[in-house]
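Worksheet for the structure shown next.
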C-alpha cells in the first residue's frame, strides 16, 4: 500500500526545494509535472492519486492548512480530517519570517506567515516531521535522516548531493515572482542551483517596514516560539 506524504508550509519557506530533494528517495513517486504550478496539488487530489510506488510525495496547493491565512474558522477543518482519515504523512516546513517576507519582491505578506506559523500549534497532532529551511540548507543529510526515520523510507541519494540527481526538466518552468513581472535578470539562476546559506539572515529589521503596526507583536511572538529570536 502506498504511503502518501504531503509537504506543507508558507510560501518562500523551502517547500519546493524540499519536494525536489525528495527525488533522492527510493521507490518514491514525486508529484511533479511540467508546467506552471505543476508541482502543487490539493489534499483531495493527493488522496485520490494512485501510484505503484511505495511512497507518494506531493506539495500543497493554496489555500492549504499550515500554509495560508485562514479566511474562516472552519476553512481547514475538512483538510485536517482528510489527512487523519487517509493516514497522510505531513512534513511541515518553516523559515525565519524576516527572510520569508523579504523574499522574491515581498511576495508573502506578514499576515500569511503569522497565520501559517500559528496553525502549527492548532494542527500539531497531524504533523509527522517539522523542518526548518535553515537546517535544510545547512544540514541536509540530517534532515533526510529524520524523514527516513519518520516514514521508514530509503534513499538512492543523499540530500547533500542536491541538485545532481534531479533531472533538468524539473526546473525549466520555474522563474521568480519578479521574473514573471518582467523585472530584468530577476529570474536568472532561479532554478537548478546548489544549496546556499546566502538566503539566510537577509535583514533583521527591514521586515518591520512591511508589517502593520498591529502585526509586529504577533510577528515577533511567532519568531520567539519558533526559536528564531530570544
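Here the stretch 14-93 yields Rg over Rh of 0.96, to two decimals, using C-alpha coordinates and the Kirkwood radius. Based on Cα contacts under 8 Å between residues 6+ apart, the chain shows a relative contact order of 24 percent.
Where the centre of each part is set by its Cα atoms, how far does the stretch 202-230 sit from the stretch 1-69, in angstrom? Between the Cα centre of the stretch 202-230 and that of the stretch 1-69, the gap is 29 Å. Seen from a random direction on average, the alpha-carbon convex hull of the stretch 3-225 projects onto 12.2 square nanometres.
Using every pair of distinct Cα positions in the stretch 81-120, the Kirkwood expression returns a hydrodynamic radius of 11.7 angstrom.
When you count the other C-beta atoms within 10 angstrom of each residue and take the mean per peptide, 12-24, 48-60, 158-170 line up highest first as 12-24, 48-60, 158-170. Extension gain, residue 52-residue 150: 0.36 nm per intervening residue step, less the Cα-Cα distance, totals 33.2 nm.
Quick note: the coordinates plus some simple rules give every number you see, no bench work behind them. What you see is a predicted model, and the numbers here were worked out from it, not measured in a lab. FYI the Cβ positions are ideal-geometry reconstructions off the backbone, even for glycines, and counts take in every protein chain you see.
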